[in-house]
Amino acid sequence: MKALNGKFFRRGIHTNDMKNLAKNCAIEELPASATVDLSLSQHIGKPAVPVVAVGDQVKMGQLIAEADGFVSSRIFASVSGTVAAIGPKRDERGALATFITIKNDGEYSFMPLEGEVDKTDADSLKKRIGQAGIVGLGGAAFPTAVKVSPKTPVDTLIINGAECEPYLTCDYRLMVEKTEEVVTGIRYLKTALGVDKVIVGIEKNKPDCIALFESYDDLTVVKLKERYPMGGEKQLIYCATGKKVPCGKLPSDVGCVVQNIATAYAVYEAVDKNKALYERVLTVSGSAVNERKNLLVKNGTAYKDIIAYCGGAKEDLAMIVDGGPMMGYSVVSDEFVTKKATSGILLLNQKEVSLEEPTPCISCGMCAQVCPMHLMPMDIDFYTIAGDYESADKLGGVTNCIECGACAYICPSKRAIVQNVVIAKAKLRQMKK
Amino acid sequence: MENVLKASNSPHKKASWTTRSIMIDVLIALLPASIVGCVYFGWKALLVLALSVVSAVATEVVYLLACNKSFKQIIKQFDFSSVVTGLLLGLCFNSTVAWYVVVLSAVFAIAVVKMLFGGTGKNVVNPAIAGRVFAFIAFQSIMVGGYVIPNFAENAGVVTGATPLSALGSMENLKLFLGIGVAGCIGETCKAALLLGYIYLVARKVLDWKWPVLTILACGLVTVCMRGFDFTVFLPSLLSGGLFLGAIFMATDYVTSPKSLWANVVYFIVLGAVIALLREATNIEVVSFAILLMNLFVPLFNRFIRPRPFGYTKAKKAKEAK
């Protein structure tokens, strides 16, 4: 079907997308490390509960931790070998989490998921999605099984192929190299949700992907303008369908469910290959890495192994970012490991990162001009610093913030607006309790 | 390697501009007006501008030193906003002004209006405007008289009338636009030079093109309405006095203008109207007074005119009311 032109959400920012760095690197498989560390909280919700003990032999794709409750996800061994340790460790965001360490025996004996899937039955597919431990691979890591069981009826499935974060190209590579597989995954998601309409939103900077997806008649392709944060759920829904998700509501309230390209691919693998989610494609990019690559990486691989495979870091390395430069986390060490939702590892040099000290706000209003949620970020910043979190919500609208970072990107005073948003949200949650 | 890794909060990539780069852009935009002012009014004008800038910067440095900041720190944090204030203030004087008026106004603008309120970004009113109004009130005799008509015009000499406002409509528009034979302050006579600065600021995305246009148009239209829909006064009313300087460089000061889009729209229209109304009421130059007055209302604009969040619904409002 011919691609449609998407609507355009007001505001947002335009950045140099830097995708050319890794755009043309085909997906390679990273040789597995000697050990992998698998965190039990790789997703939003409750941490998983281990079902293996130290000393157990596990196979690649074997369940090692069971989901704890509805909003949680299962964890699978990403290599075959022996469980070497189960214990608490700091993860890349500084939080304490339980990790299962598996020593790789180098045999890669594979254990498929149990049971058969009826590919035309919604419940069977939903069960398989939960069984395979699939989470949203765009970055938020929300369990997909929950997302495909919305409480309100939905009529549209939107596939997020915007990939609006600069540098990241893993979704792009999947769309180009595994088009058929991704589309199959999209069809399974469509069946699971029981919807008729599937919209694939792709930014205009990926014309080859648009052309590839246009050839499928059951998909509606929407060309999106290059604008950050086009991949934000509410922005994408608006641009793809013209519907606005009301404040404080979920996309399913306007009949939409948004899924990522990588998630669709994971669904394909779970259904057709009986393969649990234990590896994913991620982008290694940035000016401070010798070879930029798109790699198929086993979960729990240490950053240093990935960086070493990419020819090591350059001298001028200033920062390692887990995820994209806009919403990712800067990590303080290369000892940390990848998770299900790690979409990229960026090695940035001094010129690429901004480390300026914040200066006083000059009320230029640029943050309000670029805020895709039409908030007043300068007020959030001001009132959060003052400790008045209620005013930060009332006057700044902090609870509606999607933390895209457009405000902090444009701020000439380099103020840490997103940080204050996170603080205000946490404090408001505390106050509600 | 761990030792060299830096950490920051997201986003890790930021736009390249800083407060300092914005201020330098404003300075560049003020260059044409300053140069033309010096050409029209001679070396005395240059002296006034230099004196104003130097005393403004010196005041800031002395103030910060008194606050126990080291000289190194001051230089590191220097954001050029006091240079902008000094230059703007200098452009508001006529070239024959006494030196102590310039120095005292600059000291007042920086020390009292800006630094006492907390420095850059914290001032309630525009320091340059406040400095000019201070000079106007404190040294009335000096400020009102002594306007000079540029020396190459036919009727060169000192005139006592402030600006051609008193003779609205009697000057030729082109002469007004270029500032030839127009009495006035150093920076406000040549509208063409100011317009050049405006174009530069808009091109650099430092200034939204709408705001000066709104102010100037509102002022012109209100004047026309009050003169009984006499459209012959439209252009002269725009081109006379300090309207261009005020609308482009003074009123649009980030700190002392509202933050959100619609608040700004209303603010600048009201500002234009206030300028027109005050002009009708009095013969003195009113642009700075009007901006000073409107500056005081900015917090109200900020509080009551704010954007609605994306996806805002009326139903939610009703819920809140409960």
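Under the convention that each Lys and Arg Cβ holds +1 and each Asp and Glu Cβ holds -1, the size of the dipole of the protein assembly as shown around its Cα centre is about 1660 debye. Report the residue, chosen from B:122, B:13, B:44, that carries the largest GNM mean-square fluctuation when chain B is represented by alpha-carbon nodes joined by springs under 10 Å. Of the options given, B:13 has the highest mean-square fluctuation. Evaluated with a Cβ-only charge set (Lys, Arg +1; Asp, Glu -1), chain A carries a dipole of roughly 1160 debye about its Cα centre, given to the nearest 20. Taken as Cα centroids, region A:330-353 and region A:32-108 sit 21 Å apart, rounded to the nearest whole angstrom. Look at the stretch A:25-33: the mean tally of other chain Cβ atoms within 10 Å of its residues' Cβ atoms is 0. Size descriptors for region A:366-432, from the alpha-carbon set: Rg then Dmax equal 10.5, 34 Å.
Across peptide B:33-41, what mean number of C-beta atoms from other chains lies inside 10 Å of a residue's C-beta?
Details: counts 0, 0, 0, 0, 0, 0, 0, 0, 0.
Mean inter-chain Cβ contacts per residue within 10 Å come to 0.
May I ask for the net charge around residue A:297, where only other residues with Cβ less than 12 Å from the Cβ of residue A:297 are counted and Lys, Arg are +1 while Asp, Glu are -1?
Numbers: positive: A:280, A:293, A:298, A:339, A:340; negative: A:28, A:29, A:279, A:305.
Cβ neighbours under 12 Å give a net charge of +1.
Taking A:362, A:27, A:237 in turn, the Gaussian network model of chain A (Cα-Cα springs below 10 Å) assigns the largest fluctuation to A:362.
Positive end of the dipole of chain A, charges at C-beta (+1 Lys, Arg; -1 Asp, Glu), about the Cα centre: which of A:289, A:303, A:189 has its Cα farthest in that direction? Highest projection toward the positive end goes to A:189. Residue by residue along A:319-329, Cβ atoms of other protein chains within 10 Å of the local Cβ number 4 on average. Close amide H partners of residue A:344, meaning residues 5 or more places away or on another chain with modelled amide H under 5 Å apart, are A:283, A:323. Charge dipole of region A:356-433 (Cα centre as origin; +1 on each Lys and Arg Cβ, -1 on each Asp and Glu Cβ, all else neutral): 320 debye, rounded to the nearest 20. Spin-label model, residue B:65 to residue A:350: label points 7 Å out along the Cα-to-beta-carbon direction sit 3.2 nm apart. The calculated P(r) of region B:20-304, using every Cα pair and 10 Å bins from 0, goes 7, 30, 38, 20, 4, 1, 0 in percent. Ranking B:82, B:109, B:5 by Cα position along the charge dipole of region B:1-113, where only Lys, Arg, Asp and Glu carry charges on their C-beta atoms, puts B:5 farthest toward the positive end.
Please give the calculated 222 nm ellipticity per residue for chain B, where each DSSP H segment of at least 4 residues contributes -39500 (n - 2.57) and the sum is spread over every residue; nearest 500 deg cm²/dmol?
On the way: 14 runs with 180 residues, N = 322.
After summing the helix terms and dividing by residue count, I get -17500 deg cm²/dmol.
Surface composition of region B:20-304: carbon and sulfur atoms hold 73% of the protein heavy-atom accessible area at a 1.4 Å probe.
Scoring A:268-274, A:205-211 by mean Cβ neighbours within 10 Å over their residues and listing the highest first yields A:268-274, A:205-211. Farthest toward the dipole's positive end in the protein assembly as shown, which of A:8, A:113, A:361, given Cβ charges of +1 (Lys, Arg) and -1 (Asp, Glu) about the Cα centre? Going by the charge dipole, the pick is A:361. Less than 5 angstrom separates the built amide H of residue A:35 from those of A:104, all sequence-distant by 5 or more or on a different chain. So which aspartates and glutamates can residue B:259 reach, going by Cα to Cα under 14 Å and dropping same-chain residues fewer than 8 places off? Result set, ordered by chain and number: A:379, A:381, B:208. In percent, rounded to a whole number, the relative contact order of chain A is 19, using alpha-carbon pairs under 8 Å and six or more apart. Each residue of region A:264-273 is assigned a 3J(HN,Hα), and the resulting list reads 4, 5, 5, 5, 4, 5, 5, 7, 8, 10 Hz, derived from the Karplus form 6.51 cos²θ - 1.76 cosθ + 1.60 (θ = phi - 60°), x at Gly and Pro.
Hey, in the GNM for chain B with a 10 angstrom Cα cutoff, which one of B:74, B:291, B:186 fluctuates hardest? Looking only at B:74, B:291, B:186, the biggest GNM fluctuation is shown by B:74.
The values are calculated or read from the model by the stated rules, or taken from the named source; none is laboratory data. Computed from a prediction, not measured in an experiment: that's the story for all the values here. Quick reminder, even Gly has a Cβ in these numbers, built from the backbone with ideal geometry, and neighbours come from all protein chains shown. We work out accessible area using only protein heavy atoms, side chains counted, and drop any ligands, DNA or RNA first. Shrake-Rupley method; radii C 1.70, N 1.55, O 1.52, S 1.80 Å.
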